1. For the range 220-244: of the residues being under 23 Å from the mean Cα position of the chain (by Cα) and in a loop (DSSP other than H, G, I, E, B), which is surrounded by the most Cβ atoms within 10 Å (Cβ to Cβ)?
2. Report, by residue number, each residue of the range 249-268 that is closer than 23 Å to Gly140 by Cβ, out of contact with any helix residue (DSSP H, G or I) (no Cβ under 8 Å at 6 or more places or on another chain) and assigned to a loop (DSSP other than H, G, I, E, B).
3. Filter the range 5-27 down to the residues that are surrounded by fewer than 18 Cβ atoms within 10 Å (Cβ to Cβ) and either of a type in the set (Gly, Ala, Ser) or part of a strand (DSSP E or B) (or both) and list them by number.
4. Taking Cys126 as meeting all but one of (1) over 20 Å from the mean Cα position of the chain (by Cα); (2) more than 23 Å from Asp313 (Cβ to Cβ), write down the number of the exception.
5. Would you mind finding the one in Gly64, Gly88 that is assigned by TED's automatic domain parsing to the domain that holds Phe49, touching a strand residue (DSSP E or B) at 6+ places or on another chain (Cβ under 8 Å) and away from the ligand (no atom under 11 Å from the Cβ)?
6. Identify all residues within the range 31-43 that are more than 10 Å from the ligand (Cβ to nearest atom) and surrounded by 22 or more Cβ atoms within 10 Å (Cβ to Cβ); write none if there are none.
7. Exactly one condition in (1) buried (at least 18 other Cβ atoms within 10 Å of the Cβ); (2) in contact with a strand residue (DSSP E or B) (Cβ under 7 Å, 6 or more places away or on another chain); (3) of a type outside the set (Val, Ile, Thr) is not met by Gly48; state its number.
8. Do we have Ala212 as buried (at least 24 other Cβ atoms within 10 Å of the Cβ), hydrophobic (A, V, I, L, M, F, W, C) and either outside any loop (DSSP other than H, G, I, E, B) or at pLDDT 95 or above (or both) here?
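The values are calculated or read from the model by the stated rules, or taken from the named source; none is laboratory data. Since the model is a prediction, treat every value here as computed from it, not as a measurement. Cβ sites come from the backbone with ideal geometry, for glycine too, and all protein chains shown count toward neighbours.
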Amino acid sequence: MAIRWGICSTGKIAETFAAALASVEESVCAAVSSRSLEKAQEFALKYGFEKAYGSLEDMLSEGGVDVVYIASPMACHYAHAKTAILAGVNVLCEKSVTLNGRQLSELLELAAEKNVFFMEAMWMKCRPSFLKAMEWIKDGSIGKVQMVKADFCNDVDFDQNDRLFRPDLGGGCLLDLAVYPLTLAEAAFGGMPDSIFSKARIGKTGVDIDMAAMLEYENGFADISAGFNSKFANNAVIAGDKGHIELGDWFMCTCDAVLLDENNTVVESFHQDNLCNGYEYEIMEVNRCINAGLKESRLVPHSGTINVMAMMDECRRQWEYKFPDEM
Ligand SMILES: NC(=O)c1ccc[n+]([C@@H]2O[C@H](COP(=O)([O-])OP(=O)(O)OC[C@H]3O[C@@H](n4cnc5c(N)ncnc54)[C@H](OP(=O)(O)O)[C@@H]3O)[C@@H](O)[C@H]2O)c1
């Protein structure tokens, strides 16, 4: 059955997502909502959406949407997702899914109560290279996972009005960037670490501009960093006692996956071209789940999202950092 998609908010990622949506069979670009009806109408025209609305509430009350993709800033996710769930509409919510674990568990309880599908838009986890890496871990190709090293650092131009630099919008590199290496570590080790040690530097607008964390697991460590000040290779390594996996430049989306043995000899290289821009895989996963009547994706399970949110809560607890909404 074709799935009718609605998009909430018309910012940068919504545009990228809309381009992917148009490329996926069995997806209908049904509706878009914005705080401004005019903006929604422009977006609808540009990306071929059937209807445009000046608020999420208006879009939902009219019906005709099976799932809403929430593409607003982090601080808005909780309210937008709650509105959609209460309207009985399935949700794909951008990362980081909420500001904290408390908001996430409320949403998951509500989603269960209302019997709707809910997934964090952790597109990395739906991508073929990521799935291949997980397959190698599962089949024992690298032995027992002992070390994960992953960075996501970008040189971002400072703009005090950008959501990235605004505490009131849930800005900062933890929720924006570190969520990816933390998600990789959680998936590779298979759960929560025993302990976390994290430090961050807070910039002039009051958000974390760079951070590092060491996660301690029973069998080893994950070493992750994120920041807005310097461009790193942004690759990732998952090492076990029999070999390791390298995920190349921009590991969270476009990369190849390479499996190497304990002598550093390449055993297998995996590459798959995007069908569109890389976001199509999460869209296909959501379509598949909704059509199968599932309330949770196997690729992006709630447990992983909960664990990563708990790790980010712990990092912020150690920094003594709270968002304005939490004070
Ligand atoms: N998966 C990925 O690769 C990826 C990449 C980038 C970002 N993201 C995630 O996507 C979300 C949006 O990021 P973005 O880069 O697209 O942000 P953005 O360009 O700033 O767009 C956010 C949009 O949210 C809407 N919005 C609602 N309330 C707002 C408020 N109080 N202040 C400002 N905007 C508000 C606005 O759309 P209207 O004016 O139409 O209401 C705005 O254009 C974030 O959660 C981010 O983490 C994901």
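1. Phe228
2. Residues satisfying the conditions are Glu262, Asn263, Asn264, Thr265.
3. Gly11, Ala19, Ala22, Ser23 - these are the residues of the range 5-27 that are surrounded by fewer than 18 Cβ atoms within 10 Å (Cβ to Cβ) and either of a type in the set (Gly, Ala, Ser) or part of a strand (DSSP E or B) (or both).
4. Failing condition for Cys126: (1).
5. Gly64
6. Passing the criteria: only Ala31.
7. The one condition Gly48 does not meet is (1).
8. Answer is no for this residue.
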